[in-house]
Structure formats: structure tokens, C-alpha cells
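Accompanying notes for the structure given below.
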Amino acid sequence: MERLGRLFINLQQVRQVPQMLTEALPCTANTLRDTEVPCFFRERYIHSGYRPLHQTWRYYFWSLLQRHNETINVWTHLIGALVVLSKIARFAETVDFMNDPHSWPLLILLLSSASYLTFSTVAHLLAAKSELCHYGFFYLDYVGVALYQYGSAVVHYYYAIEESWHACVRGCFMPIASFLCCLSCFGCCYGKYRNYSLPSWVRKIGQVVPSALAYSWDTSPVFHRFVIWFLSWTRGDFRSSPALLFHFGQVVFFLSSAFFFTQPVPECWFPGHCDFLGHGHQVFHVLMFLCTVCQIHGSYLDYLNRRGFYVKLHADGEALFFVVLFILTFITSALIALYMLAKVKRLIGYREKLCKE
Ligand SMILES: [Zn+2]
């Protein structure tokens, strides 16, 4: 009874969180309605809380501590980045990242997770400065996503894979994963660039299909491992693995985050009422962070418990090759983003010229 009572009190406190957040953060001076900002800046069903364009950089940095419609998006990934950085520091106490090449895939996942969370924080905080900044910072966000896709692929291939799937994809898994990272970076950048000229469903396909392909490929070792586990479970000779539970968690969190990324839920049911807290993109951020935490834990457990297995599976020097490929993937996706940004800059310049004439 006492526990139930405590649980009830805790639930009551959770219900008060939205109000506490609203009261704790001062409102940003002169936030605007959706009708007062340019089209590229508007989010569907979000009616208010837009920060004005062309303010000083100081204004946007300070808006971290103020209430507007990007505050929760910024904080969810800022806290996520800090959690991942603290994990790197904690793992470094027991894992010899410098001298153990078998730990490098885990390090790549940690660094890529910290990067995508940081880039996303920066994008949501500073993209309101101007149209070019909006594109530039979100392109940076897409580069972070490409890096994280690579980080996911490398830990799944290195630690989580089973022998039979490894025999099918050895030699081609990581090069294909790297190509798909760059392809989804290009798809996302191009979809945003063609914001006005393509119907929204075509843009979504351009953005979602390459990312879905990359996810299916990068996570295939985990799906295959689920199948192997399930078959052994039906035969009654399965071995329990705590890492599998975390991998299951990462898949569930990722798939639910994909739903909130593609659907404007719940704001489409309450237009204008989720402007500060509760819109789908915030839920997407939280679910992606939970997916990342599960993935990091699952991979860390695999790194610890499957060592005898993956040391035999991967040749000497393979880990170093994956580090080099990681750097190449980063350079290529950054170049794609810069190339697309140059196109955006030309387009904005052309439009401004037309307006003057
Ligand atoms: Zn975001």
C-alpha cells in the first residue's frame, strides 16, 4: 500500500511537469505566430513560439534558457549528448580504447552518438538565425545522422553478428553501410533543398527510403540474431543473453521514433496546443535517445561477453580499416552537405535578385 501510495504521488508529480517547465522558463521576448515567419520556418500544426530571424548570435544562444517552440528539442538532445559523453568517460575507466583495436567499433559508436546529438542540439538552437543558417545547420544534423548510422552498422557487424550472416556479408557489409550513410545524407539534404518544388510525399520518400534502407542493412545482424535466438527457443536449447534484451529495446525505440518522425502526432489532433511541449518531434528526440542508450549498452555487453567469438571472426587490421572508413564516410557526407548548401545559397541569391528587379 505504501509503495502504491508513493507511485501515485510520483504520477501526480509527473502530471505537473508541463506546468513546472512552463513556469520555470521565461518566455523569449517577442516570439512570433506561424503567419509572421517565412514558410520554410513553419512546422505543421505549430502555431506560435517562433523566434524572429536576423537577431544576434547571442540572442539565439540565450534562447537555450527561454521558452519557445524549439526549447524542448534543444534540451532533449543536449542532455542526451551529455549522457553519452559521461558514458565515454565511464567506459574509459575499464576499456583500453588506446591499445585494444577490438574496442574501436564501440568507440566509433560512442563518438558518432555524441556527434549526432550535439549537431542536432546546435541545429535546433541556431537554425532560426536566417534561411541559409536553417539549411546549413540542418545539413550538419544530417551529417550527424549519417555518422550515427555508420556507428550502428560497425558495432552490429563487429560484435552482434552471428557466424552464418557474417559468412554471407563479409567483405561487403561495411562498404555498403558507408555508401548507404552517404546516400541517406544526400536524400535528406536534397529533400530539404527541393522543399518548394516537390510535393511533400516525394520529398518524404527521398528522405525516408534511403534511411530505411540504411537502417535495414545496418541492423540486419541484430535481426538475424533475433531469428537464431527464436529458432533455438522453439527447440528449447536457447542461451539467455542480456545484450539481446537491449538490442530488442533499441529496435522497438527506433521503430516508434520513426513513426513520430514521419507523422505530425499528437499536434495534428491539438493544433496550437503542443507548441511548447508535446509535439511529435520532441517525442522522436526522446525515443532516439533511448534507442541510442539501449544500443550502447547492448554493444558494450557484446564487447565484454562475446570477445572469444568476435576476435576469431574478424581479421587483424579490420578494426583499423573501419576507423579509416568512418573518417572517409564523415568527409564524404560533409562534402555532400557543403555541395547542397552551395546550391541553396545560389537559390537564395537568385530569389533575392528576382525580388529586387
Ligand atoms: Zn530534431
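The values are calculated or read from the model by the stated rules, or taken from the named source; none is laboratory data. None of these values were measured; they are calculated from a predicted model. Glycine gets a Cβ as well: all are built from the backbone with ideal geometry, and neighbour counts include every protein chain shown. Just the protein is used for accessible areas: all its heavy atoms, side chains included, with ligands, DNA and RNA removed. Shrake-Rupley method; radii C 1.70, N 1.55, O 1.52, S 1.80 Å.
Key figures
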{"quantity": "Matching option when the condition is of a type in the set (Phe, Trp, Tyr), out of contact with any strand residue (DSSP E or B) (no Cβ under 8 Å at 6 or more places or on another chain) and open to solvent by less than 60 Å² (accessible area, probe 1.4 Å), among Phe254, Phe230", "calculated": "Phe254"}
{"quantity": "Selected residue (only one of His247, His224, His285 is in a helix (DSSP H, G or I), open to solvent by less than 70 Å² (accessible area, probe 1.4 Å), within 15 Å of the ligand (Cβ to nearest atom) and touching a residue at least 60 places away in the same chain (Cβ under 8 Å))", "calculated": "His285"}
{"quantity": "Cβ pairs under 7 Å, 6+ apart, first in the stretch 140-169 and more than 22 Å from His297 (Cα to Cα) and within 16 Å of the ligand (Cβ to nearest atom), second part of a helix (DSSP H, G or I) and among the hydroxyl-bearing types (Ser, Thr, Tyr)", "calculated": "Asp141/Ser120; Val143/Ser333"}
{"quantity": "In the stretch 156-178, the residues that are outside any loop (DSSP other than H, G, I, E, B) and under 26 Å from the mean Cα position of the chain (by Cα)", "calculated": "His156, Tyr157, Tyr158, Tyr159, Ala160, Val169, Phe173, Met174, Pro175, Ile176, Ala177, Ser178"}
{"quantity": "Residue within the stretch 87-99 that is away from the ligand (no atom under 15 Å from the Cβ), polar (S, T, N, Q) and not in a helix (DSSP H, G or I) present", "calculated": "yes"}
{"quantity": "Cβ-Cβ under 7 Å pairs, at least 6 apart or on other chains, the stretch 317-329 side surrounded by fewer than 19 Cβ atoms within 10 Å (Cβ to Cβ), far side aromatic (Phe, Trp, Tyr)", "calculated": "Val323/Trp104"}
{"quantity": "Residues of the stretch 123-138 satisfying the condition of being within 13 Å of the ligand (Cβ to nearest atom) and among the aromatic types (Phe, Trp, Tyr)", "calculated": "Phe137, Phe138"}
{"quantity": "Within the stretch 257-280, tally of residues that are closer than 25 Å to Asp218 by Cβ and either in contact with a strand residue (DSSP E or B) (Cβ under 6 Å, 6 or more places away or on another chain) or open to solvent by less than 30 Å² (accessible area, probe 1.4 Å) (or both)", "calculated": "2"}
{"quantity": "Tally, over the stretch 80-113, of residues that are open to solvent by 50 Å² or more (accessible area, probe 1.4 Å), without any contact (Cβ under 8 Å) to a residue 60 or more places away in the chain and either in contact with a Pro (Cβ under 7 Å, 6 or more places away or on another chain) or not polar (S, T, N, Q) (or both)", "calculated": "9"}
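Yes or no, residue by residue, for (1) closer than 30 Å to Phe41 by Cβ; (2) touching a helix residue (DSSP H, G or I) at 6+ places or on another chain (Cβ under 7 Å):
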site: Glu70; (1), (2): yes, yes
site: Asn73; (1), (2): yes, yes
site: Ile79; (1), (2): yes, no
site: Ser86; (1), (2): no, no
site: Ala92; (1), (2): no, no
site: His102; (1), (2): no, yes
site: Leu109; (1), (2): no, yes
site: Leu125; (1), (2): yes, yes
site: Glu131; (1), (2): yes, yes
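Matching residues to (1) of a type in the set (Gly, Ala, Ser); (2) surrounded by 14 or more Cβ atoms within 10 Å (Cβ to Cβ); (3) closer than 17 Å to Val145 by Cβ:
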residue: Ala167; (1), (2), (3): yes, no, no
residue: Met174; (1), (2), (3): no, yes, no
residue: Leu183; (1), (2), (3): no, yes, yes
residue: Cys188; (1), (2), (3): no, yes, yes
residue: Gln207; (1), (2), (3): no, yes, yes
residue: Pro210; (1), (2), (3): no, yes, yes
